[in-house]
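Read through the structure below, which is laid out as structure tokens, and then see the notes.
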Amino acid sequence: MTSRPEYLPERLALLSDVQAADFVSTGLLEGREDVPSIALNKVAEPLAGGDARLRLDRVRALIDDALHRFQAERPTAADAWLAPRLHETLRLTRREAAEKGLWTYLSLGVAPDYVVWRHLPEPKVDGSRRRVARDKFVGAHYKQAFARLWWAAELFRDGSDYRPVVVACGNQDMLNSALRLDVIDHRPTALALVHLLENGTVRTGREVNALTPAVNAAAATLMYDVIAPDVERDGEPLREWIEAAESALPSPRNSLPEGPEEEPVPEGAVRSLAAHFAEMFADAQVRGQASGDLE
């Protein structure tokens, strides 16, 4: 199985798709080879500055703990634990998180062993070789192994509260489909979807996959930000939270961390949208279910 990189520099770095192509080998995708870490770091672009957020050891220690904590469980169980802690450890702005090269470097230069452990498929019946999807190393934000977790934490948190993130990331279908939605940036929409998971309105993957396209499609005619307005966002709590990284302790392992002290989403907006989405779901066609099964 792919091992932890032998060489880990002090700072995080950026790695372009072109540079990454030389390291995403068939052997790596099948978990048979390691990433040549010294060669990779020769071409990676180190992030400048002495910002504590850019220390590689903080992220690697978190990933080591995730590997140890979930070694006897299904790898998917690690998502709900790691997402809020990765978000709190890195403390990125959305502009910084949109830098694809950071996530590519994390997957290849910091934790290729985690990517293989987490995303290597179950053994095949015919005995053929399993292979991690390439986009887990270099894919879009809703597929890449670490980007998907950071963005899930960013979009599903309720101000400083990461509890909705745990719920969303505990359902693989919600995690995989919601991040693709154009409307998920609207906080009441994101938390309304979590509310439907919590109250049992939607439970199975098929139900989630019936609900989320309906929610996204309805946004073309229903302005969710009008019928369920959010509070005006204030950038100061985020700036203060980022600055506090210099003196922050490692992200807590046995309790949830706290995000920036932003104002929570209005409860009325969440309840209003959740009720609306529940009605939409009642009319949605769930694959594999007869029309009367939802009644």
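The values are calculated or read from the model by the stated rules, or taken from the named source; none is laboratory data. Note that the structure is a prediction, hence the values are computed from the model and not measured. Counting neighbours? That spans all protein chains shown, and the Cβs are built from the backbone with ideal geometry, glycine included. To get the accessible areas, we keep the full protein, side chains included, count just its heavy atoms, and leave off ligands, DNA and RNA. Shrake-Rupley method; radii C 1.70, N 1.55, O 1.52, S 1.80 Å.
A few notes on this one:
- Label-point gap, in nm, between ARG130 and HIS68 - each point 7 angstrom along Cα→Cβ: 2.4 nm
- Fluctuation leader among ALA190, ALA217, ALA153 - the chain, Gaussian network, Cα springs under 10 angstrom: ALA217
- ³J(HN,Hα), Karplus 6.51/-1.76/1.60, whole Hz, each residue of region 5-22, x for Gly, Pro: x, 5, 10, 10, x, 6, 10, 5, 8, 10, 9, 6, 4, 5, 5, 5, 4, 6
- At R0 = 25 Å, FRET efficiency that the Cβ-Cβ distance of MET1 and GLN172 yields, to 0.05: 0.65
- Based on DSSP H segments of at least four residues, each scored -39500 (n - 2.57), the chain has a per-residue ellipticity at 222 nm of -13500 deg cm²/dmol.
- Dipole magnitude for region 1-149: computed about the Cα centre from +1 point charges on Lys and Arg Cβ and -1 point charges on Asp and Glu Cβ, it is near 340 debye.
- Region 65-105-region 204-258 distance, computed between alpha-carbon centres (Å): 16 Å
- Applying the Karplus relation 6.51 cos²θ - 1.76 cosθ + 1.60 with θ = phi - 60° to region 58-64 yields 3J(HN,Hα) values of 5, 6, 5, 4, 5, 5, 4 Hz, where x marks Gly and Pro.
- Partners for LYS124 among lysines (Cα-Cα distance below 27 Å; same-chain residues under 8 apart left out): LYS136, LYS143
- Gaussian network model of the chain, springs between alpha carbon atoms under 10 Å - residue of VAL208, VAL18, VAL194 with greatest fluctuation: VAL18
- Positive end of the dipole of the chain (Cβ unit charges, origin at the Cα centre): among VAL125, GLY200, ALA39, the Cα lying farthest that way belongs to VAL125.
- Positive dipole terminus of region 70-228, leading residue within ILE227, LEU181, VAL138 (C-beta point charges): VAL138
- Amide H contacts under 5 Å for ASP161, placed H, 5+ residues apart: GLY259
- In order along region 77-91, phi translates into HN-Hα couplings of 5, 6, 4, 5, 7, 6, 3, x, 6, 5, 4, 6, 6, 7, 6 Hz, rounded to whole numbers, per the Karplus curve 6.51 cos²θ - 1.76 cosθ + 1.60 with θ = phi - 60° and x for Gly and Pro.
- Folded to 0 to 90 degrees: helix 187-198 orientation relative to the chain principal axis, Cα: 80 degrees
- Using alpha-carbon coordinates, inclination of helix 267-283 to the longest axis of the chain, degrees: 80 degrees
- Distant-in-sequence amide H partners of LEU14 (H built 1.01 Å from N, under 5 Å): GLU45, LEU47
- Carbon-plus-sulfur accessible fraction, the chain (probe radius 1.4 Å, protein heavy atoms only): 50%.
- Net charge dipole, the chain: roughly 1140 debye, given to the nearest 20, about the Cα centre with Cβ charges of +1 for Lys and Arg and -1 for Asp and Glu.
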